[in-house]
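Data block below; observations after.
The values are calculated or read from the model by the stated rules, or taken from the named source; none is laboratory data. Here the structure is a predicted model, which is why all the values come from computation and not from measurement. A quick note on method: Cβ atoms are made from the backbone with ideal geometry, for glycine too, and the neighbour counts reach across all protein chains shown.
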């Protein structure tokens with residue numbers, strides 16, 4: 001059964017804050033940081049995982065060092081507003097490794113995508129493969145990031 005934010009107590013909040021900073025902490029280190037016993041901390045983390053509040057634990061890589069130096073924000077507008085068209089395109093986009101994030105949006109384009117590629121030729125190949133040759137797509141606008149001022153995966157924890 002999913003757990004809701006309003007069902008969390010102060011210890012849950014402290015655990016989530018620490019895990020968002022560094023999910024590689026040992027249970028012992030986490031317990032010390034949140035001022036709880038290791039068994040209590042382990043039970044709490046297990047519950048947060050089992051209830052789906054913690055979806056996954058990942059390592060965040062440096063995109064430049066990994067060869068994905070170009071971040072592209074892409075607006076996609078469909079030719080028609082048919083749900084089946086949007087569903088089919090979304091399935092195709094989700095299968096593309098270069099697309100990091102995919103959002104259905106309203107009042108404007110139908111999708112906003114965040115893609116990470118090595119360079120302009122890699123972007124052009126992505127656009128041809130997934131976007132410009134697709135008859136369901138009416139318009140594509142791409143914006144190329146010149147600097148990344150902030151990047152975080154952290155969700156603010158209300159306490």
Report task. Filter region 70-111 down to the residues that are under 15 Å from residue 139 (Cα atoms) and part of a helix (DSSP H, G or I), then identify the one that is farthest from the chain's Cα centre (by Cα). Result -> 85
Report summary line: Pairs returned, first residue in region 132-149 that is exposed (fewer than 10 other Cβ atoms within 10 Å of the Cβ), second residue that is modelled with pLDDT under 95, beta-carbon separation under 9 angstrom, 6 or more apart or interchain, are 135/79; 148/63
**Report entry** Tally, over region 32-50, of residues that are in contact (Cβ under 8 Å) with a residue 40 or more places away in the chain and either closer than 19 Å to residue 114 by Cβ or touching a helix residue (DSSP H, G or I) at 6+ places or on another chain (Cβ under 8 Å) (or both)
**Finding:** 1
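Residues checked against (1) surrounded by 11 or more Cβ atoms within 10 Å (Cβ to Cβ); (2) closer than 30 Å to residue 8 by Cβ; (3) in contact (Cβ under 8 Å) with a residue 24 or more places away in the chain:
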site	(1), (2), (3)
52	no, yes, yes
55	no, yes, no
58	no, yes, yes
83	no, no, no
97	no, no, no
110	yes, no, yes
130	yes, no, yes
Query raised in the report: Exactly one of (1) in contact with a strand residue (DSSP E or B) (Cβ under 9 Å, 6 or more places away or on another chain); (2) within 30 Å of residue 13 (Cβ to Cβ) is unmet by residue 152. Its number?
Result: (1)
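Residues checked against (1) modelled with pLDDT under 95; (2) within 29 Å of residue 23 (Cβ to Cβ); (3) not assigned by TED's automatic domain parsing to the domain that holds residue 12:
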site	(1), (2), (3)
94	no, yes, yes
97	no, yes, yes
119	no, no, yes
122	no, no, yes
149	yes, yes, yes
Query - All positions within region 1-16 that are under 15 Å from residue 55 (Cα atoms) and at pLDDT below 95 - result: 1, 2, 3, 4, 5
Report task. Test each condition in (1) at pLDDT 95 or above; (2) under 24 Å from residue 158 (Cβ atoms) for residue 39 and report the one that comes out false. Result -> (2)
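Could you say which residue among 60, 114, 54 is assigned to a loop (DSSP other than H, G, I, E, B) and either in contact with a helix residue (DSSP H, G or I) (Cβ under 6 Å, 6 or more places away or on another chain) or modelled with pLDDT of 95 or more (or both)?
Criteria check complete, one pass: 54.
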